[in-house]
Amino acid sequence: MKARQVAEIIEDFAPLCIQESWDNAGFCIGSPEAEVKGIMVGFDCTPSLIEEAVANGCNMVVTHHPLIFKGVRKIDPDTFLGSAIVAAIKHDMVVYSAHTNADKAADGVSRIMAEKLGLTGIEPLGEDGLGAIGTLPEAMDSKAFIELVKKAFGLPVLRCSKPLAKPVLRVAMCGGSGSSLIEEAEAKGADAYLCGDLSYHSFFTDPDFMLLDVGHYESEIDIVNKLFGLLSEKIHTFAVRRTQNNNNPVYYY
């Protein structure tokens, strides 16, 4: 199977044409015509992920985050990014990512987040397909809702704005850095909005609206299982493996 055929499976789920204009999803390193011998699926294309792929006989890496996101002016093997690029090229690795296209996919990142909370009536939050909004099975006290979120996303701690005096019923979310959709979430009647990478000033919210920062990694990590499942279902001629190295770069103490 060619690498482009692997990409076609992913793009049936998350077409590249729907990615954000600033994104760099798709092939990053290697030829679409390369013959694939095995695939390693992960979250970030780290040096350890590439080493794991090589050790398992895989010559294609599929991740959520692109390895090369912004312009690279030099490749220094002593840096984190440079060492990953050098390792990929050294081992003739094909590197592919499904990023904002997987965020926007109908069954992508935000939908997965919504389903973890048991929401119903789930629909896109933004006009371009980013984010999701839905309704809890029943209204909850805001502190009980916070505990639900912590349990659903496996969070030891959770940053949030002041808990609401009213119950939480309508909930919006966006995987990763979602601050750009805060106003959209509030305008669509959300009582609470979940995303990652919120800044200090974002937490000054209106009295009837609450923000919860669930973490960038924690909000998106389940897309790895989704991509692994898609490829495993369609490919039977070689191994599709799920990495053991999905390590959150943020540590909690």
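Condition first: part of a helix (DSSP H, G or I) and either among the hydrophobic types (A, V, I, L, M, F, W, C) or over 18 Å from residue 195 (Cβ atoms) (or both). Now tell me which residues in the range 133-150 satisfy that. Across the range 133-150, the qualifying residues are 143, 144, 145, 146, 147, 148, 149.
Counting the residues of the range 140-162 that are in contact (Cβ under 8 Å) with a residue 12 or more places away in the chain and surrounded by 14 or more Cβ atoms within 10 Å (Cβ to Cβ) gives 14. Can you say whether residue 31 is surrounded by fewer than 21 Cβ atoms within 10 Å (Cβ to Cβ), touching a strand residue (DSSP E or B) at 6+ places or on another chain (Cβ under 8 Å) and among the hydroxyl-bearing types (Ser, Thr, Tyr), as far as the supplied structure shows? Yes, satisfied. If you go through the range 179-220 and keep only what is out of contact with any Pro (no Cβ under 8 Å at 6 or more places or on another chain) and among the hydroxyl-bearing types (Ser, Thr, Tyr), you end up with 179, 180, 193, 199, 200, 202, 205, 219.
For residue 56, the stated conditions hold: it is closer than 20 Å to residue 86 by Cβ and surrounded by fewer than 17 Cβ atoms within 10 Å (Cβ to Cβ). The number of residues in the range 169-190 being farther than 21 Å from residue 20 by Cβ and either of a type in the set (Ser, Thr, Tyr) or surrounded by 23 or more Cβ atoms within 10 Å (Cβ to Cβ) (or both) comes to 2. For the range 149-171, a residue qualifies if it is under 18 Å from residue 122 (Cα atoms) and over 16 Å from the mean Cα position of the chain (by Cα), and the qualifying residues are 149, 168, 169, 170, 171. Checking each residue of the range 51-70 against the condition of being in contact with a strand residue (DSSP E or B) (Cβ under 7 Å, 6 or more places away or on another chain), part of a helix (DSSP H, G or I) and outside the structural domain of residue 148 (by TED's automatic domain parsing) gives at least one match.
Residue-level analysis places residue 86 outside the set of residues that are without any contact (Cβ under 8 Å) to a residue 40 or more places away in the chain and not in a helix (DSSP H, G or I).
The values are calculated or read from the model by the stated rules, or taken from the named source; none is laboratory data. Values in this document were obtained by computation on a predicted structure and should not be read as measured data. As a convention, Cβ positions derive from the backbone with ideal geometry for all residues, glycine included, and neighbour counts pool all protein chains shown.
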